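Everything on this sheet refers to the single structure shown next.
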Amino acid sequence: MTGRPENSPIVLTPMTPGRDVEFAQMLEEFRDAGEYHVYDGNFAVAWDGYAGFYDLLSRMKAGGYPRPDIVPMDSYFIESGGRILGEVYVRHRLSPWLEQIGGHVGYKVRPSARNQGVATAALRLALKELKALGVESALVTCNTTNAASAKVIERCGGQRIEDAILENRIERRYWVPTRADLPAARRR
Ligand SMILES: CC(C)(COP(=O)(O)OP(=O)(O)OC[C@H]1O[C@@H](n2cnc3c(N)ncnc32)[C@H](O)[C@@H]1OP(=O)(O)O)[C@@H](O)C(=O)NCCC(=O)NCCS
């Protein structure tokens, strides 16, 4: 099965152990598209499959691991009809680094499920989670070259502020109001 299942809502499901096979299939898609997976080699933790990835995220949940500047965060799969479509990371607060790049929410959608409103729906759901955590305005960032992500953020109400100029990229930054009563995800 590819793409987004018809007529099933998009939900955020906390990552749980045991989803090795599904995760590996999604990872293959990212790699086939030439996309680097965010945790490959990051944090000096070697890639060791989903079990190791889940373990790393569990340790990161409370913040402070594996580096002191890691903030508390929740890790979700974006799912529809039981199929994993992507990943969302909700960070409970900002750090000086996250103020420049990363912000409160990170997301990625597997290539076969793109351009069907999945990231837009997932960001809306993440904004709802942040509202419940007491965050009134979420910082969301994307590379200036990432037109698709900029569209997602602007569609969720993002107000652009000054770009962050980093060594190897320029990062667009937006404040996005969090809301408990977000409109339903756009359907096609
Ligand atoms: C960015 C990303 C999350 C978008 O996911 P998605 O589910 O395809 O997003 P949506 O379908 O909700 O919206 C994407 C919009 O961008 C548009 N778009 C896609 N590529 C585009 C491009 N090159 N230029 C302009 N618009 C583009 C799509 O047409 C769509 O708009 P539409 O609904 O009006 O047609 C996905 O491409 C991705 O995972 N990329 C790699 C990881 C990444 O960049 N994550 C974000 C880091 S900030």
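The values are calculated or read from the model by the stated rules, or taken from the named source; none is laboratory data. Bear in mind the structure is a predicted one, so any value in this text is a computation, not a measurement. When we count neighbours, we look across all protein chains shown, and the Cβ atoms used for this are built from the backbone with ideal geometry, even at glycine. Ligands, DNA and RNA are stripped out before the accessible areas are found, and what is left, the full protein with its side chains, is counted by its heavy atoms. Shrake-Rupley method; radii C 1.70, N 1.55, O 1.52, S 1.80 Å.
Between Tyr65 and Glu154, what is the FRET efficiency for a Förster distance of 25 Å, r being their Cβ-Cβ separation, to the nearest 0.05? Efficiency computed from Cβ-Cβ geometry: 0.15.
Computed over protein heavy atoms with a 1.4 Å probe, the carbon and sulfur contribution to the accessible area of the chain reaches 52%. Annotation: for a label point projected 7 angstrom from Cα along Cα→Cβ of Glu35, residues of region 65-79 with backbone N closer than 13 Å are 78.
Computed over region 80-188, the P(r) curve from all C-alpha pair distances, binned at 5 Å from the origin, holds 2, 13, 24, 25, 20, 12, 4, 1, 0 percent per bin. Under 5 Å between amide hydrogens, built in the peptide plane, is the criterion, and for Thr178 it picks out Ser137, Ala138 among residues at least 5 positions away or on other chains. Once backbone amide H atoms are built at 1.01 Å from N, Cys156 has no partners under 5 Å, excluding neighbours fewer than 5 places away on the same chain. Once the convex hull of all Cα atoms in region 10-177 is built, its volume per residue stands at 116 Å³. Per residue, the accessible area of the chain comes to 51 Å², computed with a 1.4 Å probe over protein heavy atoms only.
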